[in-house]
1. Taking 8 Å as the Cα distance limit and 6 or more residues as the minimum spacing, I'd like the relative contact order of the chain as a percentage.
2. What list of whole percents do you get for P(r) of region 21-163, with Cα-Cα distances grouped in 10 Å bins up to the one holding the largest distance?
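Each value in this text was obtained by applying a stated rule to the coordinates, not by laboratory testing. All values derive from a computational prediction rather than experimental measurement.
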Amino acid sequence: MARDGAPGGLVAVLRAVAVGAAVGALALVAGLALVLVVVPKATGSVPLTVLTQSMEPTLPPGTLVVVRPTDPDDVAIGDVVTYQLRSGDPTVVTHRVVGRTTTSDGSRAFVLQGDANAEPDAAPVIPAQVRGVVWYSVPLVGWANQAVNGSRSWLVPLLAGLLIAYGAVSVTIGVVQAVRRRRRGARHAARRSAAHP
């Protein structure tokens with residue numbers, strides 16, 4: 001009896017592990033979608049990936065930073081901001097505000113510096129260059145952001161769809177099997193009670 005029940009028990013355990021793994025992977029993909037796509041789009045923020053070591057240890061390479069547009073008047077010393085190297089240039093840098101200054105024409109500007117850099121950035125940053133303040137960051141998730149926004153932008157949605165389908169099928173199979181086991185158990189109990197009145 002024990003020997004006959006062991007393989008079935010092992011199969012049930014393996015099936016439960018597979019369903020758990022599928023649900024976990026589905027939750028991970030849903031969480032990444034929330035962090036990478038939903039929250040930024042809903043708030044007008046931009047997800048960016050830290051590619052250099054200039055902000056270590058606070059923001060090491062591969063960190064996802066979500067940059068929320070902020071009025072330059074609200075930028076304070078200590079804020080981590082993302083700015084364009086030149087106004088209108090899409091290349092951006094994310095560094096910490098370490099001071100304020102006045103330019104030669106009397107307008108204000110920010111002095112920025114990477115946490116790991118010994119010196120401030122070469123030129124002051126004018127308000128028109130500031131894209132926003134870092135709202136939140138998630139370590140290592142930036143690499144996923146690179147995949148989503150890179151040349152393989154179809155890859156993550158495809159994987160998400162496959163994981164969702166796999167999770168749905170696994171859960172459905174698990175529910176159907178549980179219902180069948182209950183019915184078999186009920187039939188078995190009914191036969192046993194009929195056999196022993």
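1. Value for the chain: 22 percent.
2. Calculated over all Cα pairs of region 21-163, the distribution is 12, 38, 30, 14, 5, 1, 0 percent.
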